[in-house]
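Colleague: What follows is a structure written as structure tokens; I'll ask about it next.
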Amino acid sequence: MKIVVSVEDVGVIDAVMEYNPTFIEIRLDRMEGDLQEQVRAIREKTAVPLIATLRSREEGGRFVGDADLWVRIVGPIARYVDFVDVEARYRDQAPFIKSQGVQILASLHTNEMPTQPELGRIEEMLRSYGDIPKIVVKPRTRDDLFTLIAFTHHAQKPICTSIMGAEFRYARAILPLVGSEFTFCHAGTPTAEGQYHIREMRQLADLLK
Ligand SMILES: O=C1C[C@@](O)(C(=O)O)C[C@@H](O)[C@@H]1O
């Protein structure tokens, strides 16, 4: 199980290393000040692969701005990270971001629960510009969760699927077992509802091996 710990403060990096994260996601939209300097400082502290994410308000984050502002913020940071999360709304910036030598996590977050065919169309759209598609949805029923689990199991790999909300938070430990590339967790401050602390996620990963 590949664990992504989502952080917003360089100060937690030493503490999270105890739990051996596979990736560290830096949530740029939840940070203030000199972002480039803070990302550079994280890069200097750890060799763990880094994901830079500037999450739009529309998809659950705090960034408000157009694609031009998005790329002006993310572009200079790409040199310090291994992946950049590029939402579908910013996909026109993907070729430039890719030219910076990083892989693209092509993401879409929705408060809805797409049907199986809709999930397939979303996957195809995300794969059109990214290296790994990431689809985050909001199941309303257990049948919705079964749809997401079945989709993940049968989908082309790599793919990342996850859920929004706390009701089905246990899916964060199940989806990687059926093929989701990553599971996201927090290091003390959740960056999304329902996340487990990396200490808990590591325990789950070790128990479900
Ligand atoms: O896309 C995701 C998944 C996430 O929203 C979650 O539900 O854990 C957390 C975000 O930081 C990350 O970029």
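The values are calculated or read from the model by the stated rules, or taken from the named source; none is laboratory data. Note that this is a predicted model, so its numbers are computed, not measured. When we count neighbours, we look across all protein chains shown, and the Cβ atoms used for this are built from the backbone with ideal geometry, even at glycine. When the accessible area is computed, the model is the full protein with side chains, heavy atoms only, and any ligands, DNA or RNA have been set aside. Shrake-Rupley method; radii C 1.70, N 1.55, O 1.52, S 1.80 Å.
Colleague: Just name the residue that is surrounded by the most Cβ atoms within 10 Å (Cβ to Cβ) out of those in region 163-173 that are within 11 Å of the ligand (Cβ to nearest atom) and closer than 17 Å to Ile198 by Cβ.
Modeller: Residues of region 163-173 within 11 Å of the ligand (Cβ to nearest atom): 163-166, 169, 171-172.
Add one more test, that the residue is closer than 17 Å to Ile198 by Cβ, and what stays is 169, 172.
Details: Arg169: 14, Arg172: 22.
Only one residue fits best here, namely Arg172.
Colleague: Is there any pair linking a residue in region 31-53 that is closer than 23 Å to Ala106 by Cα to one that is away from the ligand (no atom under 16 Å from the Cβ) and open to solvent by 50 Å² or more (accessible area, probe 1.4 Å), with Cβ under 8 Å and at least six apart or on different chains, and which?
Modeller: Listed pairs, sorted by first residue: Val48/Met17; Leu50/Arg43.
Colleague: Okay, moving on. Please give the number of the condition Gly75 fails out of (1) over 19 Å from Lys134 (Cα atoms); (2) open to solvent by 20 Å² or more (accessible area, probe 1.4 Å).
Modeller: Of (1) over 19 Å from Lys134 (Cα atoms); (2) open to solvent by 20 Å² or more (accessible area, probe 1.4 Å), only one is false for Gly75: (2).
Colleague: Can you tell me which residues in region 1-27 are open to solvent by less than 20 Å² (accessible area, probe 1.4 Å) and either within 26 Å of Lys209 (Cα to Cα) or more than 12 Å from the chain's Cα centre (by Cα) (or both)? Break it down stepwise before answering.
Modeller: Start the filter on region 1-27 by keeping residues that are open to solvent by less than 20 Å² (accessible area, probe 1.4 Å), which leaves 3-7, 13, 16, 21, 24-27.
Matches in region 1-27: Ile3, Val4, Val5, Ser6, Val7, Ile13, Val16, Pro21, Ile24, Glu25.
Colleague: Considering each of Pro133, Pro117, Pro176, Pro139 in turn, give the residue that is within 13 Å of the ligand (Cβ to nearest atom) and assigned to a helix (DSSP H, G or I).
Modeller: Pro176
Colleague: Here's a follow-up. If a residue must be more than 16 Å from the ligand (Cβ to nearest atom) and either assigned to a strand (DSSP E or B) or among the hydrophobic types (A, V, I, L, M, F, W, C) (or both), how many such residues does region 150-162 contain? Can you show your working first?
Modeller: As a first pass, look at region 150-162 and keep what is more than 16 Å from the ligand (Cβ to nearest atom): 150-151, 153-157.
Checking which are either assigned to a strand (DSSP E or B) or among the hydrophobic types (A, V, I, L, M, F, W, C) (or both) leaves us with 150-151, 155.
Going through region 150-162 one residue at a time, the tally reaches 3.
Yes/no per residue for (1) among the aliphatic types (A, V, I, L, M); (2) touching a residue at least 12 places away in the same chain (Cβ under 8 Å); (3) out of contact with any Asp or Glu (no Cβ under 6 Å at 6 or more places or on another chain); (4) open to solvent by less than 10 Å² (accessible area, probe 1.4 Å):
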site: Asp143; (1), (2), (3), (4): no, no, yes, no
site: Leu148; (1), (2), (3), (4): yes, yes, yes, yes
site: His154; (1), (2), (3), (4): no, no, yes, no
site: Ile159; (1), (2), (3), (4): yes, yes, yes, yes
site: Leu175; (1), (2), (3), (4): yes, yes, yes, yes
site: Phe182; (1), (2), (3), (4): no, yes, yes, yes
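Colleague: Tally the residues that are among the hydrophobic types (A, V, I, L, M, F, W, C), open to solvent by less than 30 Å² (accessible area, probe 1.4 Å) and farther than 22 Å from Ile163 by Cβ, restricting the search to region 44-53. If you could, list the steps in order and put the result at the bottom.
Modeller: Looking only at region 44-53, we keep the residues that are among the hydrophobic types (A, V, I, L, M, F, W, C), and these are 47-48, 50-52.
Of the ones still in play, those that are also open to solvent by less than 30 Å² (accessible area, probe 1.4 Å) are 48, 50-52.
Then keep just the ones that are farther than 22 Å from Ile163 by Cβ; that gives 48, 50, 52.
Adding up the residues that qualify gives 3.
Colleague: Another one. Filter region 112-148 down to the residues that are of a type in the set (Lys, Arg) and closer than 21 Å to Phe182 by Cβ and list them by number.
Modeller: Here is the first cut: in region 112-148, the residues of a type in the set (Lys, Arg) are 121, 127, 134, 138, 140, 142.
Across region 112-148, the qualifying residues are Arg127, Lys134, Lys138.
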